[in-house]
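Written below as structure tokens is the structure these notes are about.
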Amino acid sequence: MAATPEPPGGSVNPGPGANRLAGAGLRVDVFTIFPEPVESMASMSVIGRARRAGLLDVRVRDLRAAAAEPHRQVDDAPFGGGAGMVMMPGPLFAAVEAADPPRPLLYLSPAGRRFDQAMAAELARSGGFSLLCGRYEEVDQRVRDHLADGEVSVGDFVLSGGEIGALAVLEAAARLVPGVLGNRESPADESFADGLLEYPHYTRPADFRGWAVPEVLRSGDHARVERWRRAQALARTLSRRPDLIAARGGLDDTDRALLAEFGLAAAPGDAASGSGGEGKGGGDGAGPGGDGGGGP
């Protein structure tokens with residue numbers, strides 16, 4: 001059941017089994033030696049509700065179940081010596097072959113394609129995919145060469161295993177499946193959906209410790225609110241992630257006019273600040289995850 005490895009920077013291509021779903025919008029299999037915490041986290045909040053509603057089919061697979069008795073060992077010392085243990089190919093191949101999961105099968109690795117919102121959207125549209133969580137020093141290279149279809153990383157740092165990264169990939173992709181979020185517009189408004197960070201959000205009370213909600217949001221002028229939100233998203237991205245603005249080809253005349261309308265900085269590197277009490281808002285709520293590679 002060997003697969004041709006996907007280049008780290010390649011696109012996500014659904015393979016055999018990707019669309020064999022029992023009515024769910026997306027199937028995701030997660031292979032791990034710690035199935036209980038993964039299953040627990042995948043049963044909560046948005047993901048849990050989507051599973052119960054039949055929109056998401058998550059199957060957590062225990063890699064040790066395919067290992068030999070009596071100890072169900074999945075690791076061994078590396079050939080050539082060196083620190084740490086290596087996950088053996090036998091149990092990993094056996095677990096995947098027995099499950100016949102949806103493809104692509106992606107190994108969580110620091111060497112993989114950098115996970116972002118665009119990749120989350122590709123996975124959400126694929127019909128199904130699987131995630132392989134490493135542990136110990138590494139997995140046997142033959143797993144990467146002949147079992148996994150590709151590799152994915154959620155950050156340039158190292159964790160002890162791939163479970164945290166797998167949960168991040170799972171949730172980011174699942175949230176984009178139609179019906180998973182209550183408000184159909186929510187995914188389109190969030191950070192990175194349009195190459196921009198998300199605009200600031202406020203709720204009651206209108207005045208908290210002297211910090212007032214921007215007047216525009218209380219005006220009832222929905223068209224102006226939408227313009228303000230777009231301007232704030234542009235300003236926040238210019239200030240905090242100018243690389244995202246550059247990736248979009250810079251600002252166009254409409255963007256500059258919108259920033260000027262609300263008195264916001266229009267040059268990359270300038271601090272985004274509001275005028276007329278409309279404020280610049282707080283954090284966008286997006287943060288990095290771990291790489292889940294399980295290696296140094």
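The values are calculated or read from the model by the stated rules, or taken from the named source; none is laboratory data. Bear in mind that the values here come from a model prediction, so they are computed numbers and not experimental data. Glycine gets a Cβ as well: all are built from the backbone with ideal geometry, and neighbour counts include every protein chain shown. Calculation scope for accessible area: heavy atoms of the full protein, side chains included, ligands and nucleic acids excluded. Shrake-Rupley method; radii C 1.70, N 1.55, O 1.52, S 1.80 Å.
Just give me the residues in region 190-238 being among the hydrophobic types (A, V, I, L, M, F, W, C) and at positive phi, in sequence order.
The one that is among the hydrophobic types (A, V, I, L, M, F, W, C) and at positive phi: 192.
If we scan region 122-135, do we find a residue that is in a loop (DSSP other than H, G, I, E, B) and under 22 Å from residue 36 (Cα atoms)?
Yes - at least one qualifying residue is present in region 122-135.
Can you tell me which condition residue 55 does not meet? The list is (1) open to solvent by less than 70 Å² (accessible area, probe 1.4 Å); (2) within 15 Å of residue 131 (Cβ to Cβ); (3) at pLDDT 95 or above, and all the others hold.
(2)
Can you tell me how many residues in region 240-283 are of a type in the set (D, E, K, R), modelled with pLDDT under 50 and open to solvent by less than 30 Å² (accessible area, probe 1.4 Å)?
Residues meeting the conditions: 1.
Say whether the condition of being over 27 Å from residue 195 (Cβ atoms) and touching a residue at least 60 places away in the same chain (Cβ under 8 Å) is met by at least one residue in region 109-119.
Looking through region 109-119, none of the residues is over 27 Å from residue 195 (Cβ atoms) and touching a residue at least 60 places away in the same chain (Cβ under 8 Å).
Among the residues of region 123-173, which ones are within 11 Å of the chain's Cα centre (by Cα), open to solvent by less than 50 Å² (accessible area, probe 1.4 Å) and farther than 15 Å from residue 31 by Cα?
123, 124, 153, 154, 155, 172, 173
Checking residue 50 against (1) touching a Lys or Arg at 6+ places or on another chain (Cβ under 9 Å); (2) among the small types (Gly, Ala, Ser); (3) modelled with pLDDT under 95; (4) buried (at least 16 other Cβ atoms within 10 Å of the Cβ), which test does it fail?
(3)
Identify all residues within region 58-86 that are among the acidic types (Asp, Glu) and either open to solvent by 60 Å² or more (accessible area, probe 1.4 Å) or touching a helix residue (DSSP H, G or I) at 6+ places or on another chain (Cβ under 8 Å) (or both); write none if there are none.
62, 69, 76
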